[in-house]
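To start, the structure itself, in structure tokens.
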Amino acid sequence: MFTEVLTRVVTVVAIMLPIAVLLFVGRQRLATTRREWRSRLRTEAPVIAILLVVLGFNRVMRQAGPAISQEIGFHMTSTFYQVEGEFILVFQRIASAEMTAYFSAIYVYGYAFLLVFPVVAYFALSETRTFRRLLTAYSLNYAIGVVLYILVIAYGPRNMMPELLIETNLYDNSPEYQHLTREVNRNVNVFPSLHTSLAATAAIYAFRTREQYRAWFPIAVVLAISVIISTMYLGIHWAIDVVAGLLLAGAAVWIADRLVARSALIRETTTRQLDRLRGNR
Amino acid sequence: MNRNSTTSVDGISRRSVLAAGAAGLALSTSGCIESVQSVVNGSGDGQVSLSIMTVPADGDRENVQIARHLEENLEAAGVDVSVDMRSRSEFLEAILLDHEFDCYVGRHPGEYDPDFLYETLHSTYASEKGWQNPFGVTSPIAFDRPLEAQRAADGDERRDHIATLLSNLATAVPFEPICIPDENRIARSDRFEGWDSGHLATRHGYLGLEPAADVDRLHALITDSRISRNLNPLSATLRERGTIIDLVYDSLLTERDGEIEPWLAESIETETEDGSTTIHVTLREECLFHDEEPVTAEDVAFTYRFLDDTSLGRTSISSPAPRYRGHVSAIDHVAVDDQYQLTITTSTGEAVALRALTVPIVPRHRWRDQVVDRSEDDEFSTEQGEWGLVTMDNIPATGGGPYRFESNSEREYLTLERYDDHFTRRENDLPEAPVEELEFSIDPGSKSSIERVASGNADVTASMVSASTVADIPDESGLTHLEQGSNTFYHLGFNTRKTPFSNVHFRRAVAQLLDKAWLVENVFYGHASPITTPVADEWTPDELAWEGEDPAAPFVGSDGELDVELAKQAFENAGYRYDEEGRLLESY
């Protein structure tokens, strides 16, 4: 079941990716990338490694998390429910079979594509900073996210008011996705919404690169907003999780800017010093 | 760690909590979350405040709906109330071990014989941990007396004492029974026959099956992941009915459709006189545990001694197991006559004595060694219900049952394999393990479980499916829709150790806020029966039988709609007052 669903996601992204690359990235950038990929990869390797380490750490924490959480975590379901009550039911007003199909597809496929495409697109840029910042921001999202998952034990709205979400509940309508999400997450990991934070992160970078990728920007924004709404429409997240996700995205991008700017500065300085030492200024 | 069970918003506007929450989010530190908690918990201004603990909808979505129905009605009656959600094991930890709760909505495993109420209600167990008296109720006259009396009796006399007990239960309400669910399952009839030969919550549900010619594996789906992580028969927080434990461990006798039959005991002879029963047990000969060690009378005697005190006398205070407390307490003495003969005496009538013989028999050599090993530790402590031996995962489990542990993966699956040396393989008149391999895969969703069985990717939903998904069970050839009765029941449990639920009048007023008939219709879609007592119909006296309405705790309202004035009156009659804003005030 799990492999089936995963294969489907991989296939969909694998089909959409080349189309998007042709449409948004263009032949010219691809040609340059073919010439420069080695040197770009060399500069970008550290951030790729960091992201992989963070993802690996996330996987480990999925196993070890519950035990740690039980020791130091805070039960927050009742607080969230008291604060926002049935707020997310506002999205039930637009509920229909088509909407549910749309948001389910967005939640699974749209989200995967929204995260993967910028990685490819920014690799195709001749400057490497955007790519390094994006991956740093992704890593920060995951790293901070996993810490919050351990600290905050909370169940999502579908677990609190199942009968009110019966029409749109993701797992009622597409039970097969449960096998996928169960593999990557636990049902008490709702705060913050990483779907929201990563989608928002991708959208923020789409805004910043709107000069280079003019057509991608509006698409990324529509996708990101859809992903964010889908988390509440499908009954997976509270509005509080979404707000936290947005704040996390902002924080991740802000920190990534500082981190990558500094390491770039250090590198520039060292290069300059090396040049000076070699006497070939 | 926040173990405070009374989370509430006391006299603080939602906006200020939201602001505090936002501040907490912005800084994303644990310190801030702590401060939000303290704002939320804030000191009371006199309004009655309580929390309803329950489990998330994943796997069993009815509990939380009942909890929210109650929440809504309590709120309307002026109580400050919140719904607190815990995973199934943490839920049981809070209720059975820590006793840190106000009230809860959950499903009790129940049992075929009403004697389970002995451990549930007897005042002796009010401070013990485990399934024994989680409500902390101490009522020597209302409960202990009829509990003891029913134990000593059989037949009509016992029925009378049970009737007294149930009527006292309906008056004192340490817990309020809500309904008995219908157990609905879907199974593949093209791969196995005999699905109705035993209840699927017991070993007989599996052992009676007849596989089709080329079938050598049964793939069952289970919504609850706990069995993939732990196989300790004594765990209070990780077991429900112990169905899978009963496939791995044998008991002397086995219950089948309400009847008691010999199992590991080849035969028994009972003599009952003046409320005491002597049972001569003859074990089946040449039975082996899964590690090839022989099963003897010593193991049986050990099991009862061990359940009674898991420290085996190595600490000054005895440490009874958090499960099977009532079973073991019925037994006075176990004498080993020879390798396969025992004499067990109880201070009870026959029915209760037989029930005591349904506990899983554990291998003496393994568990005794465990106690000895652990007692060599300098920090040896056997905290009742919580110490290492009753909480350890016990993987691989070594029982003597028809199936033995093969492999597991946490939150994924548990695989058992047929134990070819089991006595059912040589006795012709007993149901035996039908297939070589029995795999229980964890699938948390009822709907996806049904789809998997329907599409041929599994053979049966071992867990009963959620009432809301019963309509999704397809009517196709090769499939069968199983509908079986249940001993389990949904109930609202009260912590009578602390206010406000220490007040019986308050408990009764709260019990009347539940519209059981409406819940059965709207939450269970009719796949349940509303109840007044927690035992089977045959034990329920006529005056407590459900005849269209609740004879003991009638809902104050109709069709799920609360009559707020009547509800408030009930609280006022219980000695509580309201302020001018309609908030129920704490009584002093």
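A compact table of results
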quantity: Count of residues meeting criterion [modelled with pLDDT of 95 or more and part of a loop (DSSP other than H, G, I, E, B)] in segment B:244-258; calculated: 4
quantity: Hits in segment B:130-149 - residues which are buried (at least 22 other Cβ atoms within 10 Å of the Cβ) and either within 22 Å of the chain's Cα centre (by Cα) or in contact (Cβ under 8 Å) with a residue 60 or more places away in the chain (or both); calculated: B:G130, B:W131, B:Q132, B:N133, B:P134, B:F135, B:V137, B:F143, B:L147
quantity: In segment A:161-198, residue nearest to the other protein chains (Cβ to nearest Cβ) [restricted to those that are among the polar types (S, T, N, Q) and farther than 23 Å from B:A67 by Cα]; calculated: A:Q178
quantity: Scan of segment A:58-72 for residues that are at the interface with chain B (Cβ under 8 Å from one of its Cβ atoms) and under 24 Å from the mean Cα position of the chain (by Cα), ordered by number; calculated: A:Q63
quantity: Test: residue in segment B:281-301 that is surrounded by 23 or more Cβ atoms within 10 Å (Cβ to Cβ), of a type in the set (A, V, I, L, M, F, W, C), touching a Cys at 6+ places or on another chain (Cβ under 6 Å) and under 23 Å from B:T424 (Cβ atoms); calculated: yes
quantity: Scan of segment B:47-103 for residues that are among the small types (G, A, S), within 18 Å of B:R239 (Cβ to Cβ) and either more than 18 Å from the chain's Cα centre (by Cα) or modelled with pLDDT of 95 or more (or both), ordered by number; calculated: B:A94
quantity: Residues of segment A:77-99 satisfying the condition of being within 14 Å of another protein chain (Cβ to nearest Cβ) and not in a loop (DSSP other than H, G, I, E, B); calculated: A:T77, A:S78, A:T79, A:F80, A:Y81, A:Q82, A:V83, A:E84, A:F87, A:L89
quantity: Selection from segment B:249-267 of residues that are over 20 Å from B:R426 (Cβ atoms) and of a type outside the set (D, E, K, R); calculated: B:G258, B:I260
quantity: Entirely in segment A:162-281, the helices (runs of 4 or more DSSP H) that have 3 or more residues that are modelled with pLDDT of 90 or more and either surrounded by 16 or more Cβ atoms within 10 Å (Cβ to Cβ) or not hydroxyl-bearing (S, T, Y) (or both); calculated: A:194-208, A:216-233, A:239-278
quantity: Meets criteria (modelled with pLDDT under 95, outside the structural domain of B:A321 (by TED's automatic domain parsing) and within 19 Å of the chain's Cα centre (by Cα)) for B:R229; calculated: yes
quantity: Residue list for segment B:457-473, restricted to those being within 12 Å of another protein chain (Cβ to nearest Cβ) and either touching a Pro at 6+ places or on another chain (Cβ under 6 Å) or not in a loop (DSSP other than H, G, I, E, B) (or both); calculated: B:A467, B:S468, B:T469, B:A471, B:D472
quantity: Qualifying residues in segment B:436-455 (those that are among the aliphatic types (A, V, I, L, M), buried (at least 20 other Cβ atoms within 10 Å of the Cβ) and out of contact with any Phe, Trp or Tyr (no Cβ under 6 Å at 6 or more places or on another chain)) - the one farthest from the other protein chains (Cβ to nearest Cβ); calculated: B:V453
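Here's the yes/no breakdown for (1) more than 19 Å from A:A67 (Cα to Cα); (2) crowded, with 22+ Cβ neighbours inside 10 Å:
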site: B:E379; (1), (2): yes, no
site: B:L389; (1), (2): no, no
site: B:M392; (1), (2): no, no
site: B:A397; (1), (2): yes, yes
site: B:P434; (1), (2): yes, no
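The values are calculated or read from the model by the stated rules, or taken from the named source; none is laboratory data. This structure is a prediction, so every number in the text was calculated from the model and none was measured. Note that each Cβ is placed from the backbone with ideal geometry, even for glycine, and that neighbours are counted across all protein chains shown.
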